1. Compute the convex hull volume of the Cα atoms of segment 1-71, divide it by the residue count, and report the result per residue in Å³ as a whole number.
2. For the chain, which chymotrypsin sites (Phe, Trp or Tyr not before Pro) are in a loop by DSSP, counting at most 13 other Cβ atoms within 10 Å?
3. Under 5 Å between amide H atoms, partner at least 5 residues away or on a different chain: which partners does Asn67 have, H built in plane at 1.01 Å?
4. Write down the accessible area per residue of the chain in Å², having rolled a 1.4 Å probe over the full set of protein chains.
5. Using the Karplus curve 6.51 cos²θ - 1.76 cosθ + 1.60 with θ = phi - 60°, work out ³J(HN,Hα) for each residue of segment 52-59 in order, rounded to whole Hz, and write x for Gly and Pro.
6. Quick one: pull the percent of accessible area on segment 12-79 belonging to carbon and sulfur, 1.4 Å probe, ligands and nucleic acids left out.
7. Pick from Leu49, Leu70, Leu29: which residue has the top mean-square fluctuation in a GNM of the chain where Cα pairs under 10 Å get a spring?
8. Would you mind checking which residues have amide H under 5 Å from Val35's amide H? H placed 1.01 Å from N; only 5 or more apart, or other chain.
Amino acid sequence: MPESFPPLANSDYLMNNRIKSIKAIKYGLSGEIKVNGEIYNTTMAAFGLTDAEVADVMNYITNSWGNKNLSLITEKEVSQIKP
Ligand code: HEM
């Protein structure tokens, strides 16, 4: 949603910032970010997902809507990412 929620489809932020994206889904996100040239500065809450769920969500969103990611995210990788 323009100026509110950034896209996930063909999102340069998502596809080029693996760790930041995992952090966003695991811990939530606030502050200014740039996605596909557009600035967003609203807050995304943390959803209380487990590390396994964060990995599943990341593998889903990075392989949907035209996104392609062959290097799958693992629960172990998510567990090593701190706020
Ligand atoms: C200003 C930035 C952002 C805002 C305001 C925002 C807002 C939101 C909101 C409100 C939801 C909940 C939707 C619902 O409950 O139906 C959501 C879900 C989600 N957002 Fe964001 N978001 C932002 C940035 C991002 C970024 C950068 C990513 C990934 C790189 C991301 C990935 C996701 C995912 C994967 C979900 C679903 C989580 C789940 O399945 O439980 N968001 N976001």
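The values are calculated or read from the model by the stated rules, or taken from the named source; none is laboratory data. Just so we're clear, the structure is a prediction, and the values are computed from it rather than from any experiment. Reconstructed Cβ throughout: ideal geometry from the backbone, glycine too, with neighbour counts over all protein chains shown. Protein only, heavy atoms only, side chains kept; ligands, DNA and RNA dropped before computing areas. Shrake-Rupley method; radii C 1.70, N 1.55, O 1.52, S 1.80 Å.
1. Roughly 83 Å³ of hull volume per residue.
2. Values: sites: Tyr13, Tyr27, Tyr40, Phe47, Tyr60, Trp65; in loops: Phe47, Trp65.
Here the chymotrypsin sites (Phe, Trp or Tyr not before Pro) that fit, given the DSSP loop and packing criteria, are Phe47, Trp65.
3. Asn10
4. Details: 5330 Å² over 83 residues.
Roughly 64 Å² per residue, with all protein chains present.
5. 5, 5, 4, 4, 4, 4, 4, 5
6. Numbers: 2240 of 4070 Å².
Accessible surface attributable to carbon and sulfur in segment 12-79 totals 55 percent.
7. It is Leu70.
8. Those lying under 5 Å, H to H, from Val35 are Tyr40.
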